[in-house]
Amino acid sequence: MWGGRFAEGPAAVMREINASIPFDKRLWRQDVDGSLAHVAMLGKQGIVTPEDAAAITEGLHRVAADYEANGVAEDLTLEDIHMQTEAKLAELIGPVAGRLHTARSRNDQVATDFRLWVRDAIDQTLAALGGLRAALLVRAEEHAASVMPGFTHLQSAQPVTLGHHLMAYHEMIVRDASRFADARARMNRCPLGAAALAGTGFPIDRHATAAALGFDGPTANSLDSVSDRDFAIDYLQAATNCSLHLSRLAEEFVLWASQPFGFVALSDQWSTGSSIMPQKRNPDAAELVRGHAGRIMGCMTALMVTMKGLPLAYSKDMQDDKPPVFEAHDLLALSIAAMTGMVESATFRTDRMRGVAEAGFSTATDLADWLVRVAGLPFREAHHVTGRAVKLAEDKGLKLDALALADLQAIDARIDAGVYEVLSVDASVASRTSFGGTAPANVRAAIAAARVEPR
């Protein structure tokens with residue numbers, strides 16, 4: 001490729017450090033698609049003859065068929081997927097293949113291929129997140145009224161329903177999907193035709209190539225076109241946020257599957273055993289999802305650090321833009337698939353959840369609210385009275401709703417028998433009817449809304 005300028009070939013180590021074909025071979029479909037759009041434009045604009053355009057087009061389809069059947073060879077002397085494709089095309093159709101690179105550079109070529117790949121990756125991720133959302137909705141509907149303890153500081157706080165808890169993760173996934181969709185919309189401009197950095201003197205039609213590749217239009221500045229990797233960072237930021245949410249859900253499953261919690265039994269498909277302890281059922285899939293979040297975050301950091309000090313336009317550092325994106329995509333796809341499978345197949349032990357909710361004085365706030373609403377106490381005074389009731393129940397080894405009315409009235413004479421209507425966990429969750437609250441009716445309404453109009 002550089003024979004006219006360099007008298008000697010590169011050293012072996014230089015050849016290895018310079019080559020990106022071991023990882024950018026994943027771009028072969030996008031490279032062929034971009035080349036097909038480019039040569040069609042060259043032919044239409046009269047920059048290459050119709051005969052040459054037809055020969056190149058037919059040859060590119062043959063190259064794609066060979067890649068599909070046999071994979072992409074890792075020839076380090078050809079450096080990258082772009083040179084690999086051009087060399088294979090030349091083997092098939094001869095010197096006319098060299099006309100394909102007219103009016104473009106590998107700089108705008110790789111920028112285009114990489115955008116196309118990230119766009120495809122976002123579409124795949126959105127489809128996978130749709131599957132996870134569907135699984136969460138099914139299980140949330142199944143458990144819209146199943147009582148469990150709600151936690152703050154990992155301490156029993158107030159009773160909620162399992163359906164409400166699962167819908168919290170559904171909300172997170174909805175936001176994740178919106179971030180990927182936003183990133184896709186923002187990146188959907190085509191760099192092809194920016195050439196090396198300054199554009200080209202050939203009468204190309206960048207709008208035509210952009211349309212052919214499904215972009216909303218061409219990028220506006222040739223320097224920015226070849227040096228921008230915001231789209232990849234946007235993808236990694238969305239992937240990082242998503243992985244954090246998946247990690248939180250995975251952590252819930254790890255805790256809930258432990259004997260002290262006993263809230264869930266993961267299926268055999270998503271558990272492993274121990275090499276020495278035959279009784280063990282380890283939530284390894286959930287733990288690996290939790291671990292993947294750290295690696296995905298590292299991928300985002302790696303690319304941001306790579307880009308932080310690069311002057312315009314293209315620098316070879318940018319060749320390292322693809323491995324972190326590829327790694328993050330693969331890890332995220334595995335994580336989403338694993339969490340979807342775990343949600344779908346988990347056996348929730350709702351009796352155990354209810355028992356813990358009833359044991360943790362989780363209706364104390366309901367007592368305080370009743371004292372304000374019915375007995376007319378200021379909330380701070382009601383809070384103090386409730387604290388005394390909790391201490392008494394704790395001393396007696398009773399639940400709040402098992403305290404005798406006389407005991408409650410000894411704390412505050414304004415308490416009457418009506419208080420027992422709010423002290424059960426079922427009454428507590430049923431009362432939380434404010435928008436976004438845990439009442440079973442609210443949960444079912446939220447599920448119905450999510451199915452009718454996904455956000």
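Taking amide H as placed 1.01 Å from N in the peptide plane, Ala195 has its amide H under 5 Å from the amide H of Ser105, Asp108, each at least 5 places away in sequence or on another chain. For Val160, the residues 5 or more places off, or on other chains, whose built amide H falls under 5 Å of its own are Met148, Gly150. With a cut-off of 15 Å between beta carbons, the residues surrounding Arg248 carry a summed charge of -3, where Lys and Arg count +1 and Asp and Glu -1.
To the nearest 0.05, what FRET efficiency results for Leu76 and Thr49 with a Förster distance of 22 Å applied to their C-beta separation?
Numbers: r = 34 Å, r/R0 = 1.55.
Once rounded, the FRET efficiency stands at 0.05.
Val72 sits among other residues whose Cβ lies under 12 Å from its own Cβ, and their net charge, with Lys and Arg +1 and Asp and Glu -1, is -3. Summing charges over all other residues whose Cβ lies under 15 Å from the Cβ of Gly376, with Lys and Arg as +1 and Asp and Glu as -1, gives -1.
For the chain, the tally of Lys pairs with Cα-Cα distances below 23 Å comes to 7, considering only residues 8 or more apart or on different chains. Scoring 427-435, 68-76 by mean Cβ neighbours within 10 Å over their residues and listing the highest first yields 427-435, 68-76. Accessible surface calculations at 1.4 Å, restricted to protein heavy atoms, place segment 12-102 at 47 Å² per residue. Label separation (Glu171 vs Asp426): 2.7 nm, computed from points 7 Å beyond Cα along the C-beta direction. Karplus-based coupling profile of segment 430-442, in residue order and whole Hz: 5, 7, 7, 9, 4, 4, x, x, 8, 3, x, 4, 4, with θ = phi - 60° in 6.51 cos²θ - 1.76 cosθ + 1.60 and x standing for Gly or Pro. Label sites at His207 and His153, each approximated as a point 7 angstrom past Cα along Cα to Cβ, lie 6.4 nm apart.
I want to make sure I understand the PRE zone here: with the label point 7 angstrom from the Cα of Ala196 toward its beta carbon, which residues in segment 83-106 have backbone N atoms less than 19 Å away? So the set is 83, 98-106. Rounded to the nearest whole Hz, the Karplus-based 3J(HN,Hα) values (6.51 cos²θ - 1.76 cosθ + 1.60, θ = phi - 60°) of segment 326-339 follow the sequence 4, 5, 4, 4, 5, 5, 5, 4, 4, 5, 5, 4, 5, 5, with x at glycine and proline. Label-to-label distance, Ser434 versus Ser315, with points set 7 angstrom from Cα along the beta-carbon direction: 5.2 nm.
How much length is gained on full extension from Val374 to Thr301, taking 0.36 nm per residue of separation minus their Cα-Cα distance?
Working: separation 73, 0.36 × 73 = 26.28 nm, distance 5.47 nm.
Net length gain for the segment: 20.8 nm.
How big is the convex hull of the Cα atoms of segment 360-423, per residue, in Å³? Please report the intermediate quantities before stating the final value.
On the way: hull volume 4.3 nm³, N = 64.
Output value, Cα hull per residue: 68 Å³.
The values are calculated or read from the model by the stated rules, or taken from the named source; none is laboratory data. Please read all numbers here as calculations on a predicted model, not as lab measurements. FYI the Cβ positions are ideal-geometry reconstructions off the backbone, even for glycines, and counts take in every protein chain you see. Each accessible area value is taken on the protein alone, full model and side chains, heavy atoms only, with ligands, DNA and RNA left out. Shrake-Rupley method; radii C 1.70, N 1.55, O 1.52, S 1.80 Å.
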